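A.B. asks: Take this structure first; my questions come after.
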Amino acid sequence: MLKRLGDYVILMSQVFRKPDKSLIFRKRLLHEFYNLGFTSIGIVLILSVFVGAVATILVAYNTDNPLLPEKLIGFSARQMIVLEFSPTMISLILAGKLGSQIASELGTMRVTQQIDALKVMGVNPANYLILPKIISCLFFIPVLIVFSIVIGILGGWLACVFTGVITPTNYVVGLRSWFEPFSLTFAMIKTVVFAFLITSISSYVGYVVKGGSVEVGKASTKAVVVSSIAIIIFDLILTQMLLT
């Protein structure tokens, strides 16, 4: 455990160095923006709209009390989406999608000796391959989370329209009630930390893989599992630090 942690820190020290050629780095960065970011919009859209609707319906059926105002349903759904669902659950989904993609890509390059070839050419492979992935995810995953929050709230409104659990007007009033800007700040802080964990852990697992195609498949699964566990642990730590 300590050896792997030390290897991870050493790899990150090699990653965060000034790129040798800025033009090539910018091209790889734009490629990773599309490869890791834009290709994830569809799954975030589908999950957010349906889970936002489900969250609103569940809150409505569990607060069926005439003493409670209906606007409390919109408020509770908003808090669930902003504080936990979008930053944490979507990050877990992205850990499955992006984590396996990154680990399998780097693992394949490792077992086919492409990384060794970069070293022979005098290129820092950790910086060349991993840094664009980390930077692109640090910038684009928060955009996806903001997108998820908006779509999730819209999904809750659609649930009110089509199911009639509460009136859309009361739902909107609840969304606007007791709003604290720090909730969004908290969500973005968690998102940035989770984005770094997903990309750095998955990159490390894929970068150090040894063997053949079977080991690459195992590394892909391991990257998802370890990234998900790290997200859950840091979710607890950040919540305890920032909200209590």
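A.B. asks: Tell me, in nm to one decimal, what length is gained between Asp20 and Ser213 on full extension, where the rule is 0.36 nm per residue of separation less the Cα-Cα distance?
C.D. replies: 66.4 nm
A.B. asks: At q = 0.11, 0.15, 0.17 Å⁻¹, what base-10 log of I(q)/I(0) does the Debye formula yield for the chain when every alpha carbon is treated as an equal point scatterer in vacuo?
C.D. replies: -0.64, -0.99, -1.17
A.B. asks: What number comes out for the charge environment of Arg28, summing +1 per Lys or Arg and -1 per Asp or Glu over other residues with Cβ under 13 Å away?
C.D. replies: Result for the local shell: +1.
A.B. asks: With just the Cα atoms of segment 107-244, tell me how far they stretch along each of the three principal axes, in Å, largest first.
C.D. replies: Taking the Cα atoms of segment 107-244, the three principal extents are 64, 32, 25 Å.
A.B. asks: Further question: If each DSSP helix of 4+ residues adds -39,500 (n - 2.57) and the sum is divided by the residues in the chain, what number results at 222 nm, nearest 500 deg cm²/dmol?
C.D. replies: -26500 deg cm²/dmol
A.B. asks: Where nothing but the Cβ of Lys and Arg (+1) and of Asp and Glu (-1) is charged, how large is the charge dipole of segment 22-243 around its Cα centre, in debye to the nearest 20?
C.D. replies: In debye, rounded to 20, segment 22-243 gives about 620.
A.B. asks: Name the residue from Leu236, Ser76, Gly164 whose Cα lies farthest towards the positive end of the charge dipole of the chain, charges +1 on Cβ of Lys and Arg and -1 on Cβ of Asp and Glu.
C.D. replies: Ranked along the dipole, the leading option is Leu236.
A.B. asks: Stretch Val143-Thr112 to full length: gain in nm at 0.36 nm per residue minus the Cα-Cα span?
C.D. replies: Difference between extended and current length: 7.7 nm.
A.B. asks: Could you list Val173, Val82 in order of exposure, starting from the residue whose Cβ has the fewest other Cβ atoms within 10 Å?
C.D. replies: Starting with the residue having the fewest Cβ neighbours, the order is Val173, Val82.
A.B. asks: For the chain, take the longest principal axis of its alpha carbons; what is the angle in degrees between that and the long axis of helix 90-111, to the nearest 10 within 0 to 90?
C.D. replies: Helix 90-111 and the main axis of the chain meet at about 10 degrees.
A.B. asks: Below 12 angstrom from the Cβ of Val165, what's the summed charge of the other residues (Lys, Arg +1; Asp, Glu -1)?
C.D. replies: Residues near Val165 contribute -2 overall.
A.B. asks: Rank the residues Cys137, Cys160 as a footprinting-exposure proxy: fewest other Cβ atoms within 10 Å of their Cβ go first.
C.D. replies: Cys160, Cys137
A.B. asks: Follow-up. What full-extension length gain, to one decimal in nm, is calculated for Thr169 and Ile10 as 0.36 nm per residue of separation minus the Cα-Cα distance?
C.D. replies: 51.8 nm
Just so you know, all these numbers are worked out from the coordinates, no wet-lab data involved. Just so you know, these numbers come straight off a predicted model, no measurement behind them. Neighbour counts run over all protein chains shown; Cβ positions are idealised from the backbone, glycine included.
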